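> Take this structure first; my questions come after.
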Amino acid sequence: MSGTVQERVYLHKQIETMDLRELKDMQLKKLKAVVDRALRTEWYAGVLGKAGIRSGDDIRSLDDLRKIPFTAKNDLRDAFPSGLLSVDRDEIVRIHASSGTTGIPTVIYHTQGDLDNWTALTARSLTATGCTKKDVLQNMMSYGLFTGGLGVHYAAESIGMMVVPAGSGNTQRQFKLMKDFQTTTVHATPSYMLHLHSKMEDFGIRREDLKLARALVGAEPHSEDIRKKIEHLYGIDVYNSYGLSEMNGPGVAFECTEKQDMHLWEDAYIMEIINPETLEPVKEGETGELVLTTLDRVGTPILRYRTRDLTSVNPRPCPCGRTHRRIRRIIGRSDDMLIINGVNVFPSQIEEVIMGMNETGTNYQIVIEKNGALDRMIVKTEVSRELFSDNQRDLERLKQCIQDNLAVSISIKPKVELHQPGVLPVSEGKAVRVIDNR
Ligand code: AMP
Ligand code: ZN
């Protein structure tokens, strides 16, 4: 379906098709400025000071980027609450926080200018997938601290799309909204798209009842086969969308109508791909960990952020005419973060809950499997033998309690199984706590 006139529309033509050399000049200029802004934060004043960087002018070329130390998710936690704030708090109009964090969140503070820039990048991305003001966007991502809701919402409005802010869940209502408002474009996780389809028949919905033309999917890894499957089931075009809250959220990298890898907006981010072991850059085209530097961020500037996402660069020019280089599908993570129906979960969060309770705390295991199209997590834990010989009601209560504590900690309610001591496998050497059967 590529190649039609409508698909060649750019939102920011001059920037999107900018000569690579010009783009690099722009990056250097912006990098100096963002280093100056970062130096106004308590955190980077310390970190950059130690690295001998006292002003943006100490960065003389893009190669000097490598003088700047990496920033990790833990640094964001250590800097909480305001170590990474570069302006007066009065200038901040919104915060977002990443899922997969407990206790101390990784929070990003946005000024109005930050939000406007984010909206522009995401709007540019929507346009690249062929969205226009004639389209109706149903946003099935959750609204709130998670960035997939509000991020795409404002972007779609800014290009005149009609937005149905449905939020996540409630399958039957999603179908009703799609029919009532003739939704042409949906934004969801790929697994939710598959789940939704599996319920169509139950709710008496036929493909012809819907006006769907495209789906924007992201927030979790998925294969080309999954894309094709969703496209085939609904008879629509599916586009991959990549983002993370530390870098705003959606609108970091997006597929265009060529559907071949995602343009990473290099006027707003500097990308590096490193070997996660040696921390050295990989050769262009090789797989490694994506490291991103914000160029426009004012509220919370972030330099050389280790995303932990594994990908590679496709340096070939894209037929769409956009010059910003593309990254390939995310193929995994260089840490142990799990993504369960789009929600980030670290096994350590589960361990904290289990170990924090008196009744549990010996051995546990996390099993993840497919339940239809969606992911299901089962947390198995051993409890004392005495508890097992006590009455069933106490066990039920304990199960409920673990489940509730987990729900608070990881924002999802897994199935909990209690076992007698010695039942769960004990591995020699490094414990295998996570069994991912997806
Ligand atoms: P969050 O900060 O909660 O929005 O989570 C961001 C993380 O979700 C990223 O670092 C990726 O691990 C994952 N993610 C987001 N979009 C995609 C995508 N299109 N493909 C694979 N993983 C994704
Ligand atoms: Zn393209």
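> With θ set to phi - 60° and the Karplus curve 6.51 cos²θ - 1.76 cosθ + 1.60, what are the ³J(HN,Hα) couplings of the stretch 324-338 in order, to the nearest whole Hz, using x for Gly and Pro?
4, 5, 9, 10, 7, 2, 6, 9, x, 10, 9, 10, 9, 5, 9
> Assuming 0.36 nm per residue, please report the length gained on full extension of the stretch Ser82 to Leu395 beyond their Cα-Cα distance. Kindly include the intermediate steps, with their values, before the conclusion.
Working: separation 313, 0.36 × 313 = 112.68 nm, distance 4.27 nm.
Result: 108.4 nm gained on full extension.
> Which value, in Å² and to the nearest 10, is the accessible area of Val152 when all protein chains are kept and the probe is 1.4 Å?
0 Å²
> For the stretch 36-81 and the stretch 336-374, what is the separation of their C-alpha centers, rounded to whole Å?
34 Å
> Another one. Ignoring ligands, DNA and RNA, how do Ser223, Ser409 rank by accessible area with a 1.4 Å probe, largest first?
Values: Ser223 50, Ser409 20 Å².
Ranking Ser223, Ser409 by accessible area, largest first, yields Ser223, Ser409.
> How many Å² of accessible area per residue for the chain, probe 1.4 Å?
Values: 19620 Å² over 438 residues.
Averaged over the residues of the chain, the accessible area is 45 Å².
> Next up: Send over the per residue convex hull volume for the stretch 118-227, Cα only, as a whole number of Å³. Numbers along the way, then the final one.
Numbers: hull volume 11.0 nm³, N = 110.
Considering the Cα atoms of the stretch 118-227, their hull volume per residue is 100 Å³.
> For the chain, place one equal point scatterer on every Cα, skip the solvent, and apply the Debye formula. What is log10 of I(q)/I(0) at q = 0.06, 0.07, 0.11 Å⁻¹?
Each listed q corresponds, in turn, to -0.28, -0.38, -0.91.
> Rank Asn371, Val432, Gln392 by how far each Cα sits towards the positive end of the charge dipole of the stretch 338-436 (+1 on Lys, Arg Cβ; -1 on Asp, Glu Cβ) and give me just the farthest.
Asn371
> Mind grabbing the accessible area of Arg40 for me, 1.4 Å probe, Å², rounded to tens?
Only protein atoms counted, so the area is about 150 Å².
> Check cross-link reach from Lys67 to the lysines: straight Cα distance under 20 Å, and skip same-chain residues fewer than eight apart.
Lys24, Lys29, Lys30, Lys32, Lys50, Lys283
> Go ahead and estimate [θ] at 222 nm for the chain from helices alone: -39,500 (n - 2.57) per DSSP H run with n ≥ 4, summed, over the residue count, rounded to 500.
Numbers: 12 runs with 133 residues, N = 438.
Computed ellipticity for the chain at 222 nm equals -9000 deg cm²/dmol.
> Please compute the volume of the convex hull spanned by the alpha-carbon atoms of the stretch 338-436 and report it per residue in Å³. Before the final figure, lay out each step's value.
Details: hull volume 9.9 nm³, N = 99.
Measuring per residue, one finds 100 Å³ for the Cα hull of the stretch 338-436.
> Let me ask something else about it. Over 5 Å intervals from 0, what percent of Cα-Cα pairs in the stretch 223-278 sits in each interval?
4, 16, 20, 20, 17, 12, 7, 3, 1
> Protein chains only, probe 1.4 Å: how do His232, His96 rank by accessible area, largest first?
Working: His232 140, His96 0 Å².
The ranking, largest first, comes out as His232, His96.
> Return the carbon/sulfur percentage of the accessible area of the chain, one whole number, probe 1.4 Å, all protein chains in place.
On the way: 9710 of 19620 Å².
Ligands and nucleic acids excluded, carbon and sulfur give 49 percent.
The values are calculated or read from the model by the stated rules, or taken from the named source; none is laboratory data. Since this is a predicted model, take the numbers as computed values, not measurements. Reconstructed Cβ throughout: ideal geometry from the backbone, glycine too, with neighbour counts over all protein chains shown. Calculation scope for accessible area: heavy atoms of the full protein, side chains included, ligands and nucleic acids excluded. Shrake-Rupley method; radii C 1.70, N 1.55, O 1.52, S 1.80 Å.
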